[in-house]
């Protein structure tokens, strides 16, 4: 099969993001289908080119109807299943700021994930991050948590904690500092652990 230049560009558009997502998943295992929506136009263009080459008109019509049916079913599953929706940062931040009091604090395992907080927060509850950049949490990073010792309540935003705190150093440190986990709430894949001083 020989591809012309336009088809090569479309193939590049389709395959490069898929391969990149696959390679990145080895380091940051956070696959979400919506992150690959940008390849849909390329996929449909290739599909149209393939269907257009079918010479039998009946088979071509059946192929088009089949593609439309699969799309309608897939879209209904995608839109009806909350797991595929974006993380609810707005709800998570609003929850913490509504529940939080003057002597509470929000905590993220990595500095890389603070921007949604910055966007939605109204500065009612202070946020601190533990690991800097794309580094995982190390024992020496826990020195950043000294400010928590004076707090009555901590909201640990368990976002990508499996990636940045695989040894659970932060929850273990909170337990050592006499905090009890009193509840856990989820905002569409953003888990929030509420810790209270004993």
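The values are calculated or read from the model by the stated rules, or taken from the named source; none is laboratory data. For clarity, every value in this text was computed on a predicted model and none was experimentally measured. Positions of Cβ are generated from backbone atoms using ideal geometry, with glycine treated the same way; all protein chains shown enter the neighbour counts.
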- Query: Given (1) assigned to a strand (DSSP E or B); (2) farther than 17 Å from residue 190 by Cα, where does residue 107 come up short, assuming only one miss?
  - Reply: (2)
- When residue 117 is evaluated against the numbered criteria (1) modelled with pLDDT of 85 or more; (2) over 24 Å from residue 182 (Cα atoms); (3) assigned to a helix (DSSP H, G or I), which criterion, by number, is the only one it fails? (2)
- Note on the structure: Taking the range 161-170 and the residues there that are in a loop (DSSP other than H, G, I, E, B) and surrounded by fewer than 22 Cβ atoms within 10 Å (Cβ to Cβ), the one that is nearest to the chain's Cα centre (by Cα) would be 166
- Item | Candidate set: the range 123-136, residues that are closer than 15 Å to residue 104 by Cα and touching a helix residue (DSSP H, G or I) at 6+ places or on another chain (Cβ under 6 Å); chosen: the one surrounded by the fewest Cβ atoms within 10 Å (Cβ to Cβ) | 124
- Query: Filter the range 184-198 for residues that are within 20 Å of residue 126 (Cα to Cα) and over 21 Å from the mean Cα position of the chain (by Cα); which is surrounded by the most Cβ atoms within 10 Å (Cβ to Cβ)?
  - Reply: 195
- Message: Can you find a residue that is within 19 Å of the chain's Cα centre (by Cα) and either over 17 Å from residue 111 (Cα atoms) or assigned to a helix (DSSP H, G or I) (or both) anywhere in the range 149-160?
- Response: no
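Does the range 44-55 contain any residue that is under 18 Å from residue 188 (Cβ atoms) and surrounded by 11 or more Cβ atoms within 10 Å (Cβ to Cβ)? Give the derivation first.
At the first step, the residues of the range 44-55 found to be under 18 Å from residue 188 (Cβ atoms) are none.
The answer is no; no qualifying residue exists.
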